[in-house]
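Structure record follows, encoded as structure tokens.
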Amino acid sequence: MKPLQEMSVAELEKAIRRHNDLYFKQAKPEISDEEFDLLVERLKRLKADSPVLEEVGSDLSEGSGKKVLHSTPMLSLDKCYTVEDLADWASKLKGDVVVSPKIDGLAIAIHYDETGRLFRSETRGDGTKGDDITQNVREVGDVPERLAKGPIEVRGEIYMRLSVFKKKYQDNFANPRNLAAGALKQKDPKKTAEYSLNFFAYELIGMDLKEEIEKIRHLKKLGFTTIDTEVVPNQPEKLQAAYEEYFKKRDSLDYELDGVVYKANQIEDQTRLGASSHHPRWAIAYKFQGDAAQSVLREVEWSVSRTGVITPIGIIDPTRLSGASVSRVSLHNYGLMKNMGVSIGAKVLVMRRGGVIPNLEEVLEKTKKIVEAPKKCPSCGSPTEVRDDFLFCTNGKGCRSTRLGELRHFVDVLEIEGFGDKMIEQLYDTGYVEDLPDFFRLKRDDLLSLERVGEILADKLIAQIQAHRTVPLPLFLRSLGIPELGKHSSEVLTKQLRRLEKIREASEEELSAIHTIGPVIAREVVNGLREKSGTVDKLLQFVTLDERSLAKEGKFSGKTFLFTGKMAAMERGAAEKQVEALGGEISGGVTKDLDYLVIGSEGYKNRDKGNKWIKAESLMQKGAAIKILSEEEFLQMLESSPD
Ligand SMILES: [Zn+2]
């Protein structure tokens, strides 16, 4: 296939028709779902009203087979990939939500007459009409031939159990979904029977009910196998928890599952929200992204942060998550780790959320080798102590790790390049840099006296420092390394108070009155600024603050993006403009503070890892919260509604 950006509308339409046909009608796909989605996105962009877009997702066969008009359209589900988008969808509902697994099968409708007899069944087809599969459906094990009452229409999903697929077909067929599609469309219904297909019911038409969950209860009573469905309160954390539950169960189920379906439980909500021409607005599928795995915990390392907190890091048997090999996982803090019962040799579930260093989510099988907290700081040997959930080095500012962490944080936030961990250690141990302002006092000769620093490097480092003498106020605040004075609060304080002087003068009460700041942050900020007032004064001798107000407001406010590789849907410059128009910033390079690295579609597909991608992954391993996006995911973010 030609590169996407070189394809004309006619070529796109032709390709989409062909691949849609291969996937849905012939069940013999030649390209991945992702590649297909990219074709569709591109066509939407170039010609939103193309009639071919209406055919996407259709499994309606061509030729002479009998076609049946649906009683009401059989729409496909809208998809989302982040909890934010899910919460956004749920915010439109007034009532609670029903949650069920999304089975990767084929949607069909089955009709029963007044006497409860099965008289017709059809595939989803193009959503308006489907192929008549009445005789074939009679051969599916758990489809009842006769019900206690009628007339009723039941909809659900035909699928092949994984155990059946593995036992009989996996050597010759790529996946159970496409095999089930082929099996269902056999000309001879007896052939369909040989495939041992199954059916899950989830929709009931023809009964006047108030709640979605009642449909499931009635379907069960009527003798159908129903999908495992539960009612969940409409709260983002509950919705996310349901997703994670299914995710964990995934490997133990006998069917393929590619996400979780959320529907408005109140029929009133469903009626009020209605449907677009493609999707009901009262339901959404939250798709899995391959970001959880099981492994074994081998060791716990303790690392001392710049705030003196000693944090546990889990070392696991290398496992693949979101396409990258992972061997270090966050154990959060000492208290949480203890509560989870973390032990050496334990079987654990690890999960990547939002691109940060993966978390140890749960201990699946404990061992007796419980991990204890170290009695002494691994950096300076001082006694440790537990406060709340956290383990601290009692040496405070005297702890070498804490100081090194502060220096490291400063150069990272200001993006002063060239100062690696080893360099900072040398500078600290030789006494050239003991506090933040000392960076600006560094001389060429100081640097030349260090190991492995030649003239070129020394000049480069000095130039880097000099290039960072004008600092935007939010970055300056954040660079100080005061607890709770992170990216968000630095930006909020800058927006509200605008000048460093004002921020330094503000009392706890004044700060905690600011929206999203609150008393805890206010106290830490006031104390922190007071403690560091000497450092701040000295820094101001070298640094000019840029106190202009922050960039434009938008859904990308405060987020940084970097693009790499050739994009298919638009020029890179155009993508950068869109980001900026929505309040985001384009980063100059890959640093640990980058939010999103967007990979052009070709490169992403081929896993063609350039320097930026590799660097981002190595920073992620060290804990950076960078999220790597495919071009397609980026386009989805662009199109998702602002809040
Ligand atoms: Zn220490």
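Working note: Karplus 6.51/-1.76/1.60 with θ = phi - 60° gives region 503-511 the couplings 5, 5, 7, 5, 8, 4, 4, 4, 5 Hz, where Gly and Pro are set to x. Classify region 273-320 as rounded, prolate or oblate, taking a ≥ b ≥ c as the square roots of the eigenvalues of its Cα gyration tensor: rounded when a/c is under 1.5, otherwise prolate if a/b is larger than b/c and oblate if not. It is oblate, given that a/c is not under 1.5 and a/b is not larger than b/c. Accessible area per residue for the chain, computed on protein heavy atoms with a 1.4 Å probe, is 48 Å². Per residue, the Cα convex hull of region 4-55 amounts to 66 Å³. For the pair residue 221 and residue 303, label points projected 7 Å from Cα toward Cβ lie 5.8 nm apart. Let me know the shape class of region 67-287, please: from the alpha-carbon gyration tensor, a ≥ b ≥ c as square roots of the eigenvalues, rounded when a/c is under 1.5, otherwise prolate if a/b is greater than b/c, or oblate. The shape class here is oblate. Which shape class applies to region 560-639: rounded if a/c is under 1.5, otherwise prolate when a/b exceeds b/c and oblate if not, where a ≥ b ≥ c are the square roots of the Cα gyration tensor eigenvalues? Oblate, since a/c reaches 1.5 and b/c is not below a/b. At q = 0.13, 0.16, 0.21 Å⁻¹, what base-10 log of I(q)/I(0) does the Debye formula yield for region 498-615 when every alpha carbon is treated as an equal point scatterer in vacuo? For region 498-615, the Cα-only Debye profile gives -0.75, -0.92, -1.15.
For the chain, the relative contact order is 9 percent, taking Cα pairs closer than 8 Å that sit 6 or more residues apart in sequence and dividing their mean separation by the residue count.
Checked against a 27 Å cut-off, the cross-linked pairs 263/605; 538/612; 25/168; 28/220; 25/167; 376/615 give Cα-Cα distances beyond that limit for 263/605; 538/612; 28/220; 376/615. Computed from the Cβ-Cβ distance with R0 of 22 Å, the FRET efficiency linking residue 294 to residue 254 stands at 0.75. If you take all other residues with their beta carbon under 14 Å from the beta carbon of residue 608, and give Lys and Arg +1 and Asp and Glu -1, the sum is +2. Site pair residue 113 and residue 84 shows an inter-label distance of 5.5 nm when each label is modelled 7 Å from Cα along Cα→Cβ. Volume per residue for the chain equals 184 cubic angstrom (convex hull of Cα atoms). Put simply, the amide H of residue 265, placed in the peptide plane, has neighbours under 5 Å in 96, 97, 98, leaving out anything fewer than 5 places away on its chain.
From the alpha carbon centroid of region 386-413 to that of region 183-236 is 56 Å. When Rg and Dmax are taken over the Cα atoms of region 400-553, they come to 16.5, 52 Å. A Stokes-Einstein calculation at 37 °C with viscosity 0.692 mPa s, built on the Kirkwood radius of region 335-422 over Cα pairs, returns a diffusion coefficient of 208 µm²/s. For region 67-287, with all protein chains in place and a probe radius of 1.4 Å, 49% of the accessible heavy-atom surface sits on carbon or sulfur.
Surface composition of region 560-639: carbon and sulfur make up 48 percent of the accessible area, probe 1.4 Å.
Rounded to the nearest angstrom and listed largest first, the equivalent-ellipsoid semi-axes of region 399-468 from its Cα gyration tensor are 17, 14, 10. Across the alpha-carbon set of region 292-393, the Rg to Rh ratio works out to 0.97, Rh being the Kirkwood radius. Note on residue 496 and residue 449: their simple-model spin labels are 4.5 nm apart, each label 7 Å out from Cα toward Cβ.
The values are calculated or read from the model by the stated rules, or taken from the named source; none is laboratory data. These numbers come from a predicted model, not from an experiment. Using ideal geometry, Cβ is built from the backbone for each residue, glycine included, and neighbour counts are taken over all protein chains shown. In case anyone asks, the SASA skips ligands and DNA or RNA and just uses the protein heavy atoms, side chains included. Shrake-Rupley method; radii C 1.70, N 1.55, O 1.52, S 1.80 Å.
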